Structures are given as C-alpha cells and as structure tokens.
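Beneath this line is the structure, given in structure tokens, with notes to follow.
The values are calculated or read from the model by the stated rules, or taken from the named source; none is laboratory data. All figures in this text were calculated on a predicted structure; none of them were measured in a lab. Cβ: placed from backbone, ideal geometry, glycine included. Neighbour counts: every protein chain shown.
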Amino acid sequence: MAGMYEDNFVEQLRQGLSGLTEGWGLSPQCNVTTLNLSENATFKAVDPDTGQPVILRVHRPGYHTRQEIESELQWIHDLRREGIVATPKPLARKDGSYIGSMFAAGDNRDVVAFEFMSGAEPSQASDGIVAGFRELGAISARLHRHAQGWKRPGTFRRKTWHYETMLGSSPLWGDWREALGLNAVGMSILERASRALQKFLADFGEGPERFGLIHADLRLANLLVDGDRLGVIDFDDCGFSWFVYDFASAVSFFEHEPIVPELLESWTEGYRSVAPLSAADVAAIPTFVFLRRFLLTAWVASHAETPTAQSLGAPFTHGTVELAEAFLSKTER
C-alpha cells in the first residue's frame, strides 16, 4: 500500500465524500478537509448553512466488514445511552442507516459519520498527564464493566486481539518479520521474544475476568481534553482482548519513556476506584506494554504509507529490538 496517502489519493477520497455528504443531510456545498490519516482516512465536513462540523471516517478496504462496523456503532450507542463515557454520537443518514458507501480511488469504501467533539489531544509532557491517566483508568474500568454486563446483539462481530492475531499465524496488522530495517540479529531476538510472549499469554489465560470487549486503542491521539472532560474517540479497533491491554495501548509510541511506571500507578489507582484489578493483572501490564510495542512495529511496516509510520521508520524497529532484549533478560533468567 505504499503511497496510499499521497496527495492525489487523498484528494480523490475528499471528492468522493463531497458527493456523499447529502446522505447525512449536509449541504452539497459543505467544505470537506483532511483531518487525520492512519488506519483510516478521517475528514471534517463543515456545512455552510449551519456552521456545524461533522467528522467523516473513510474505512480502509479489506479491514472491517460492514457487520463489524455496525457492531462498533452498536457498542458506542449503548455506551452513550448508559452514560459510560464521553464519546461522539454516530450520525444516521437520512434513510436511517449509519454506513454510507462510495467508489473512490479505485475501490468501494465504507463511510461513517460522527458528531464533532471539542478538545485537544493530551501531551505526554503536560503537567496534567499523571492525573489524566487516573481518569483514564476510571474510564477504562467503566468500559470493561459495561462490556462484561452488556447483552450484545446476536449479530455483534468484532475482531479478537490475542497472540495469533497480533504476532502469530493470522496477524491483523501484518507480519512483524517485515519490520523496517530488521536484520538477522534483530530477527533472532524478536523470534525469541515472540515465543516468550506466546507462552506468557497462554499461561495468563483468557478467562472472562480478564479478557473481553475493550477499546484496544486508547492512545493519546484518541483522547480529547476539554476543561475537566476527557473524551474518548475512535472505537475502530475495539474488539476482544485482555482488559489490561487498554493501558498498553494508552502509552503507544512512548512506552519506553521513564514516566510510564508513574502513569501505570495512576491508571491503576483510577481503575480500582471503579472496579477490582488483581495484583497479578497489574504485574502483567509491563509485558502487555511490550506486546503492544511489538505489534506496533508490525503496524509501522504494513502501514508504511501513513504519516505516523513514515515519521518512525527503521529506528522504531531498532528500539523494539532493544526493548525485546530487556524483556528477554527478565523472562529467560
């Protein structure tokens, strides 16, 4: 998919959206601009008649089925109805459906729309980041508690994030062996780390007390701070995985920084203010942080066309190998 998000490609998506916005009751003259390019392409449409912005998410073909997208929206609707978390409302089309479809840039693409949510992405260097992780821990606990008690629709389908779909034989984000700049020495180290993670996860288990429906991508880019409100956006990767994996995803791309242990302590405190979290689960979280970093290394290689991947490149792989050596020094003793 190299070159996927080049200017011409993004412009084709934008033009396709311009012909689709009327389905959500927007003016045909609305201004559509690029907001973010990652797993999907996200745009902001501003209706000149109302001045109200709407967020449009163009799904990457071949990743989620329509049933999976519908299931994501079903969870969001129930979370909002129950007041579990501040998250944008999915917007229905004029015909009552929630998913639009367009042919753009040579492929059929599903599109969903959300209300605009105010706020800014928190910074890992901000003075309030530790307190913010306490609130994020409480939010995570509420999400998990809701998921455990929610009677899901019979048609509900989301992906499962476990060893086989992360690092194993059916990787959802690509084969980590294709990591940018990975040499033979690094390959050997990561192979050992992969086997160690496989054993750890098998021993840790997938019991209902620690494995269920989670957001799975609570990184800072998917959080919006506005005053005292911490909003959560982008449930696109929500699926079934270990509950503590939600902390690991929250420190994505800065998991090696010295502040992470303090953030973990704060997150755990916030989580336990809402729901129990065993000492064994807390002790396992650093391993899940490394698992997430390992998975992101595969993502960077398989999404090399995205701005995030291009900014990280081979040095990200080299850093993962260093973290793998540290991980193995503890597990292979």
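Quick check: is even one residue across region 284-303 free of Cβ contacts under 8 Å to residues at least 24 places away in the same chain and among the hydroxyl-bearing types (Ser, Thr, Tyr)? Even if it seems obvious, please write down each step before you answer.
At the first step, the residues of region 284-303 found to be free of Cβ contacts under 8 Å to residues at least 24 places away in the same chain are 286.
Then keep just the ones that are among the hydroxyl-bearing types (Ser, Thr, Tyr); that gives none.
No: zero hits.
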Subset of region 117-159, residues closer than 23 Å to Pro90 by Cα, β-branched (Val, Ile, Thr) and surrounded by 15 or more Cβ atoms within 10 Å (Cβ to Cβ), comes to Ile139
Run Thr87 past the list (1) touching a Ser or Thr at 6+ places or on another chain (Cβ under 8 Å); (2) buried (at least 19 other Cβ atoms within 10 Å of the Cβ) and report the number of the one that doesn't hold.
-> (1)
What are the residues in region 254-293 that are under 26 Å from Ala179 (Cβ atoms), outside any helix (DSSP H, G or I) and touching a helix residue (DSSP H, G or I) at 6+ places or on another chain (Cβ under 8 Å), if any?
-> Phe254, Glu255, His256, Ile259
Just checking, which of Ser194, Ser266, Ser169, Ser241 is exposed (fewer than 14 other Cβ atoms within 10 Å of the Cβ), of a type outside the set (A, V, I, L, M) and at pLDDT 95 or above?
-> Ser169
Pick from Lys89, Lys44: which is basic (Lys, Arg), in contact (Cβ under 8 Å) with a residue 40 or more places away in the chain, outside the structural domain of Leu218 (by TED's automatic domain parsing) and more than 22 Å from Phe240 (Cβ to Cβ)?
-> Lys44
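Which one of Val185, Val225 is within 30 Å of Ile129 (Cα to Cα) and outside any loop (DSSP other than H, G, I, E, B)? It would help to see each step written out before you state the result.
Working: Val185 fails: within 30 Å of Ile129 (Cα to Cα).
Only one candidate qualifies: Val225.
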Taking region 202-241, which residues are free of Cβ contacts under 8 Å to residues at least 60 places away in the same chain, under 20 Å from Trp173 (Cβ atoms) and aliphatic (A, V, I, L, M)?
-> Ala216
Working carefully through the options Arg60, Arg66, find the one that is modelled with pLDDT under 95, of a type in the set (Lys, Arg) and within 19 Å of the chain's Cα centre (by Cα).
-> Arg60
Does region 13-25 include one or more residues that are in contact with a strand residue (DSSP E or B) (Cβ under 6 Å, 6 or more places away or on another chain), within 19 Å of Phe116 (Cβ to Cβ) and not in a helix (DSSP H, G or I)?
-> yes
Output the residues belonging to region 313-328 that are of a type in the set (A, V, I, L, M), surrounded by fewer than 20 Cβ atoms within 10 Å (Cβ to Cβ) and under 14 Å from Gly181 (Cα atoms).
-> Ala314
